[in-house]
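> Would you mind keeping the following structure in view while I ask a few things?
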Amino acid sequence: MTPKEPQPEPQNYGTGISTDAPGGRRLVLPLSNHISSTYTILTNPVSRPRRRRLISLPPKTKTGRMILLISILLIGSFLHYMWKAEAALSKPWTPDDGSIDFSQRPLSPPANETFLPSPGYKLPLRTKGRDIVDQNGKRFKLSSINWYGASDELFIPGGLDVQHRDVIAATIRSLGFNSVRMPYSDEMVISNPDVPPHLLAANRDLVGERALDVFEATVTALTDAGLAVIVNNHITTATWCCGTDPCDAGWANDYLPGGLCRVRQTEAQWIEHWETVMGRFVDNPLVIGADLRNEVRGLWGTMPWEKWASAAERAGNVLLRMNPDWLIIVGGTESGNDLTGVKRRPVELDEEDRVVYSAHVYSWSGWGSVGGRYSKRTYSSFAKAMRKKWGYLVEENLAPVWIGEFGAPDRPGIGDVNYWQNLVRYLKEMDADFGYWAINPRKPRDNERESYSLVKDDWVTPVLDYRMKDMTELRRK
């Protein structure tokens, strides 16, 4: 028998593994000399018991691990910084000496010459450059407040269960406001429901009336008190405005899939609702205008200015055929913040000198922009944004701009006050028309407390704090 020749030892090709092969041979599998992760290799399950071997493979690279670690540290540091920044903005503000002193003195009575019925004004109003003026060219500066409720679930202005509408009108006048923005919903016009008696507990003469009748009576109480009124189409569905619901993001929602919107309307129906509401005020000279739509934004901020401007022209011209003396107020896109499109495409109506533009400015406005929300901006950054969004129209004497909504809480944080002080400073510099949100001490849903209110729950006692102090100074400009 020929003896079996001895098998040569396998050559070493570097780091590898040794494993039994069929026939009793041993194989060495060459691997890279780089050391990294380990893998488990199983031997032939038939010829040998299972054994696990660890092998070294090349790393995904140490550089990759380092990049991942650095990225995690950077993200963590950024999130920590943001958390600290937000916490700082939310820190309660301590009132300054001027605000404390103001709160301890009775509110001075307003000057009669700031109200339209005074002999100093001759109606109707028009626009001239950056101003709203009377027939003699005298400026009428809108110093307004919002009185909401008819746009919400209860369909009527708030507070009619607490005070008579004449009392609330007198309160608004005593606070120094010369005009009131009155929102309504399209659903209120469509359904025009009966009003439950308990919502009219302080206005028993209105029990049995429907929502539109109550709205008209409230507006009439304001004008009887010498206050100018601007009617505002606030929202389609009667609810608190404004959320992410696409059904309420514009004046018409019939382009959306059927069944999506509880209240569905076309542009033509939107205009018809305007005719229904304003038809009640054709002969009331102190109902001075129509704020066509609140915070137009389209689907998640996609509303083109040109589309909105064209719709505003169609609605405005219909209303001016009813009464050519009304002012037509057109708000900006992006929830009322953006009027940059006016420069390239102004709203032009059949009647000249009737267009007033409107912007809304809150502490959270500006989110998503490079500079961030207005609550965290320096004054130079804030003023630059205002000038770009709407201030240029006033600075260049192109058209009036009314800040139809702005406001802040009675117990503000540092960020709230930063926004507020920047805005008040800018409004003073521009001598701009303004409309505060809001008079209501309670929200319609669940009777929730309204922290932005300027009166207490009795709808009579004023809240004399930093906000009222600053608005008193704004009116003096």
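The values are calculated or read from the model by the stated rules, or taken from the named source; none is laboratory data. What you see is a predicted model; the values in this text were computed from it and never measured. Using ideal geometry, Cβ is built from the backbone for each residue, glycine included, and neighbour counts are taken over all protein chains shown.
> Kindly indicate whether any position in region 363-381 is among the aliphatic types (A, V, I, L, M) and at pLDDT below 95.
Kept after step one, since they are among the aliphatic types (A, V, I, L, M), are these residues of region 363-381: 370.
After this cut, where a residue has to be at pLDDT below 95 as well, the list is 370.
Checked against the condition, which is being among the aliphatic types (A, V, I, L, M) and at pLDDT below 95, region 363-381 yields at least one hit.
> Taking region 326-345 as the region of interest, how many residues are in a loop (DSSP other than H, G, I, E, B) and surrounded by fewer than 17 Cβ atoms within 10 Å (Cβ to Cβ)?
Counting residues in region 326-345 that are in a loop (DSSP other than H, G, I, E, B) and surrounded by fewer than 17 Cβ atoms within 10 Å (Cβ to Cβ) gives 3.
> I've got another one for you. Could you tell me whether any residue of region 199-208 is surrounded by fewer than 16 Cβ atoms within 10 Å (Cβ to Cβ), over 23 Å from TRP402 (Cβ atoms) and either touching a residue at least 40 places away in the same chain (Cβ under 8 Å) or β-branched (Val, Ile, Thr) (or both)? Steps first, answer last, please.
Narrowing region 199-208 to residues surrounded by fewer than 16 Cβ atoms within 10 Å (Cβ to Cβ): 201, 204-205, 207-208.
Adding the requirement that they be over 23 Å from TRP402 (Cβ atoms) leaves 201, 204-205, 207-208.
With either touching a residue at least 40 places away in the same chain (Cβ under 8 Å) or β-branched (Val, Ile, Thr) (or both) added as a condition, the list becomes 201, 207.
Among the residues of region 199-208, at least one is surrounded by fewer than 16 Cβ atoms within 10 Å (Cβ to Cβ), over 23 Å from TRP402 (Cβ atoms) and either touching a residue at least 40 places away in the same chain (Cβ under 8 Å) or β-branched (Val, Ile, Thr) (or both), which makes the answer yes.
> Also, quick follow-up: Return the residues of region 227-248 that are part of a loop (DSSP other than H, G, I, E, B) and either surrounded by fewer than 18 Cβ atoms within 10 Å (Cβ to Cβ) or touching a His at 6+ places or on another chain (Cβ under 9 Å) (or both); say none if nothing qualifies. Break it down stepwise before answering.
Applying the first criterion (part of a loop (DSSP other than H, G, I, E, B)) to region 227-248 yields 227, 236-245.
Answer for region 227-248, where residues must be part of a loop (DSSP other than H, G, I, E, B) and either surrounded by fewer than 18 Cβ atoms within 10 Å (Cβ to Cβ) or touching a His at 6+ places or on another chain (Cβ under 9 Å) (or both): TRP240, CYS241, CYS242, GLY243, THR244, ASP245.
> Out of the residues in region 104-139 that are among the hydroxyl-bearing types (Ser, Thr, Tyr) and modelled with pLDDT under 95, which is farthest from LEU393 (Cα to Cα)?
In the first step, residues of region 104-139 are kept if they are among the hydroxyl-bearing types (Ser, Thr, Tyr); the result is 108, 114, 118, 121, 127.
From the residues that got through so far, the ones that are modelled with pLDDT under 95 too are 108, 114, 118.
Numbers: SER108: 33, THR114: 24, SER118: 29 Å.
Looking at the filtered set, the residue picked out is SER108.
> Wholly within region 360-477, which helices (runs of 4 or more DSSP H) include no fewer than the required count, namely at least 1 residues that are touching a strand residue (DSSP E or B) at 6+ places or on another chain (Cβ under 8 Å)? Spell out how you get there, then give the answer.
Details: elements: 379-386, 392-395, 414-430, 466-476.
It comes to 392-395, 414-430, 466-476.
> Inside region 346-359, can you point out the residues that are without any contact (Cβ under 8 Å) to a residue 24 or more places away in the chain and not in a loop (DSSP other than H, G, I, E, B)?
Filtering region 346-359 for residues without any contact (Cβ under 8 Å) to a residue 24 or more places away in the chain gives 352.
Residues satisfying the conditions do not exist here.
> Still on this structure, please answer the following. Residue by residue through region 82-99, note down the ones that are in a helix (DSSP H, G or I) and at pLDDT 65 or above.
Filtering region 82-99 down to residues in a helix (DSSP H, G or I) leaves 82-90, 97-99.
Passing the criteria: ALA88, LEU89, SER90, ASP97, GLY98, SER99.
> Which of the residues belonging to region 249-294 are touching a residue at least 60 places away in the same chain (Cβ under 8 Å), surrounded by fewer than 23 Cβ atoms within 10 Å (Cβ to Cβ) and part of a loop (DSSP other than H, G, I, E, B)?
Correct list: VAL263, GLN265, ASN284, PRO285, LEU286.
> Still on this structure: Looking at ASP431, ASP410, ASP470, ASP457, which one is buried (at least 19 other Cβ atoms within 10 Å of the Cβ) and either without any contact (Cβ under 8 Å) to a residue 60 or more places away in the chain or in the same structural domain as LEU107 (by TED's automatic domain parsing) (or both)? Break it down stepwise before answering.
Values: ASP431 fails: buried (at least 19 other Cβ atoms within 10 Å of the Cβ); ASP410 fails: buried (at least 19 other Cβ atoms within 10 Å of the Cβ); ASP457 fails: buried (at least 19 other Cβ atoms within 10 Å of the Cβ).
So the residue among ASP431, ASP410, ASP470, ASP457 that is buried (at least 19 other Cβ atoms within 10 Å of the Cβ) and either without any contact (Cβ under 8 Å) to a residue 60 or more places away in the chain or in the same structural domain as LEU107 (by TED's automatic domain parsing) (or both) is ASP470.
> Additional query: Suppose we filter GLU405, GLU396 for residues that are surrounded by fewer than 21 Cβ atoms within 10 Å (Cβ to Cβ), of a type outside the set (A, V, I, L, M) and closer than 22 Å to VAL356 by Cα; which single one remains?
So the residue among GLU405, GLU396 that is surrounded by fewer than 21 Cβ atoms within 10 Å (Cβ to Cβ), of a type outside the set (A, V, I, L, M) and closer than 22 Å to VAL356 by Cα is GLU396.
> Would you pick out the residues in region 155-166 that are assigned to a loop (DSSP other than H, G, I, E, B) and not small (Gly, Ala, Ser)?
Step one: list which residues in region 155-166 are assigned to a loop (DSSP other than H, G, I, E, B), which gives 155-164.
Correct list: PHE155, ILE156, PRO157, LEU160, ASP161, VAL162, GLN163, HIS164.
> Quick check on my filter: what residues within region 140-154 are part of a loop (DSSP other than H, G, I, E, B) and in contact with an Asp or Glu (Cβ under 8 Å, 6 or more places away or on another chain)?
Step one: of region 140-154, the residues part of a loop (DSSP other than H, G, I, E, B) are 140-142, 147-154.
Passing the criteria: PHE140, LYS141, LEU142.
> With respect to the numbered conditions (1) under 16 Å from the mean Cα position of the chain (by Cα); (2) under 22 Å from SER179 (Cα atoms); (3) surrounded by fewer than 22 Cβ atoms within 10 Å (Cβ to Cβ), which one is the sole condition not fulfilled by TRP420?
Only one criterion is unmet by TRP420, namely (3).
> Is region 176-189 home to any residue that is out of contact with any helix residue (DSSP H, G or I) (no Cβ under 7 Å at 6 or more places or on another chain), among the hydrophobic types (A, V, I, L, M, F, W, C) and surrounded by fewer than 19 Cβ atoms within 10 Å (Cβ to Cβ)? First the steps, then the outcome.
From region 176-189, those out of contact with any helix residue (DSSP H, G or I) (no Cβ under 7 Å at 6 or more places or on another chain) are 177, 179, 181, 183, 185, 187; that's our starting set.
Going one step further and asking which of them are among the hydrophobic types (A, V, I, L, M, F, W, C), we end up with 177.
Narrowing the set further to residues that are surrounded by fewer than 19 Cβ atoms within 10 Å (Cβ to Cβ) leaves none.
No, that holds for no residue.
> Still on this model: Considering every residue within region 307-323, establish whether at least one is outside any helix (DSSP H, G or I) and in contact with an Asp or Glu (Cβ under 9 Å, 6 or more places away or on another chain). Walk me through it before giving the result.
Quick first cut of region 307-323, residues outside any helix (DSSP H, G or I) only: 323.
So of that shortlist, the ones also in contact with an Asp or Glu (Cβ under 9 Å, 6 or more places away or on another chain) come out as 323.
Yes: region 307-323 contains one or more residues that are outside any helix (DSSP H, G or I) and in contact with an Asp or Glu (Cβ under 9 Å, 6 or more places away or on another chain).
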